[in-house]
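Everything on this sheet refers to the single structure shown next.
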Amino acid sequence: MSTAVASKSRVETVPLWVFGASGMLGGELLRLLETHPAFAPTAVSRKITSLADAQPHVRSQVALSNVDDAERALGRALERGPAALALSLPHGESGELFARLRTTLGSRLDNLTVVDLAADFRLADPALYRATYGHAHPCVDELASFAYGLPEFHRARIAASKRTAAAGCFATALQLAVVPAARAGILDEHMPWILHGVTGSSGSGAEPKPGTHHPYRHANLWAYSLDGHRHEAELAQALEPAHAKLHFVAHSGPFARGIHLTCALPLAKSLSTSEAHALYAAAFADEPFVEVVETGVPDLRRVVGSNRAALGLNVRGDVLTVLCTLDNLVKGGAGQALQCLNLMFGFPETWGLPRSGLGVV
Ligand SMILES: NC(=O)c1ccc[n+]([C@@H]2O[C@H](COP(=O)([O-])OP(=O)(O)OC[C@H]3O[C@@H](n4cnc5c(N)ncnc54)[C@H](OP(=O)(O)O)[C@@H]3O)[C@@H](O)[C@H]2O)c1
């Protein structure tokens, strides 16, 4: 499927166009790609004329293209062989772009591998997409062609696919924290599952907004989406059987990167903290990017800058508390997308992805 094969000593490069290069995740993906041995990125932007100005932290020599030139170059590249596309665009925009490319590329689409970092192909049900995002889905007939991009639960489907919708940032933390207990059948289905998440300001994108403006954000904390956060739909989709009483409340926190999630899950049967720990440790035993912490609690410092999610567990009475921290820009965003690209191309899953955090944030 790909021109670059992990076991070969000489790796042929695969061209990768990163749309949304001026954005938070666009910049993060270009940073991660600096150490990737196989992808040769081109940054694509509607508006910027200098990557060095827009993303000064990216020091590798990355070509910059406007959208029209990129689409033409992509078409030519696909005539020669495989190519990849990362869509780091607002929801709605990535679905529209993909629909347009499908028309212009025709049969060349067969050579294209796509990862969407937006929400457009995450929810399988178009009616749920409309209810969640407030507009009709821009490319309904392609929904089924996208794998759901959370490797820990969908690795085989992603690896067999050429299109993946990387899971949302809160949605990743929510699923890693809740799904193992739900699958084990230890949770009370009649009680609400209370889920509280705090995110850093980079989760709101690169454009300054009142909610990300430093004087209001730097020493402040507030809840939002009290009537239901969009990422709850991704957790709901992951649960079989469905649970009708999910109660997720998101908060904006006074830091730039990171998500901290606290889940209070009612138990249907008695369980000790060590049994809960053993359950999660077994669920994620072979995962390179999920850590079940042995002692103490997972904090942001532990994971920020890395592609890891850290989980902490405690049982008090009949409530299981699951804590999860991750970096919204890495495991919750660009790192997850790169992990999915690695899987789709058959590369080692860890290529280009830091396991260590920054330590100081
Ligand atoms: N930030 C996070 O923590 C995070 C985590 C997971 C998923 N996501 C999702 O990933 C996507 C990108 O997130 P982000 O935080 O990188 O967003 P962002 O900072 O706002 O960047 C999005 C980029 O998309 C491009 N774009 C193209 N059409 C646009 C339009 N009509 N309006 C505005 N921008 C347009 C712009 O880049 P050019 O002008 O250079 O083309 C813009 O910089 C979003 O769908 C977001 O929901 C974000």
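Where a number appears in this text, it was derived from the coordinates with a stated rule and is not lab data. Since this is a predicted model, take the numbers as computed values, not measurements. Positions of Cβ are backbone-derived with ideal geometry, glycine not excepted, and every protein chain shown enters the neighbour counts.
Quick look at the numbers
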{"quantity": "Unit charges on C-beta of K, R, D, E only; dipole of the stretch 170-329, Debye", "calculated": "440 debye"}
{"quantity": "Ranking of 240, 152, 275 by count of other Cβ atoms within 10 Å, fewest first", "calculated": "240, 275, 152"}
{"quantity": "Positive-end residue, the chain charge dipole about Cα centroid, Cβ charges, pick of 347, 251, 67", "calculated": "67"}
{"quantity": "Rg(Cα) / (2.2 N^0.38 Å) computed for the chain, rounded to two decimals", "calculated": "0.97"}
{"quantity": "The chain - share of DSSP beta bridges that are antiparallel (%, nearest 5)", "calculated": "45 percent"}
{"quantity": "Mean separation of Cα contacts under 8 Å (6+ apart) over length of the chain, as relative contact order %", "calculated": "18 percent"}
{"quantity": "Fraction of beta bridges assigned by DSSP in the stretch 170-329 that are antiparallel (%, nearest 5)", "calculated": "70 percent"}
{"quantity": "For the chain, built as a Gaussian network whose Cα springs stay under 10 Å, the top-fluctuating residue of 193, 222, 351", "calculated": "222"}
{"quantity": "In the stretch 254-314, the trypsin sites (Lys or Arg not before Pro) that fall in loop regions by DSSP, at most 10 other Cβ within 10 Å", "calculated": "269"}
{"quantity": "Sequence-distant aspartates and glutamates (8 or more away, or on other chains) whose Cα lies within less than 15 Å of residue 245", "calculated": "188, 189, 227, 232, 234"}
{"quantity": "Convex hull projection area averaged over all views, the stretch 127-235, Cα basis, nm²", "calculated": "9.4 nm²"}
{"quantity": "Helical mean residue ellipticity (222 nm; -39500 (n - 2.57) per DSSP H run of 4+; nearest 500) of the chain", "calculated": "-8500 deg cm²/dmol"}
{"quantity": "The stretch 26-123 - percent relative contact order, Cα under 8 Å, separation 6 or more", "calculated": "24 percent"}
{"quantity": "Whole-Å semi-axes of the ellipsoid equivalent to the stretch 170-329 (Cα gyration tensor, √5λ, descending)", "calculated": "27, 18, 13"}
{"quantity": "All aspartates and glutamates inside 14 Å of residue 209 as judged from Cα atoms, apart from same-chain residues fewer than 8 positions distant", "calculated": "none"}
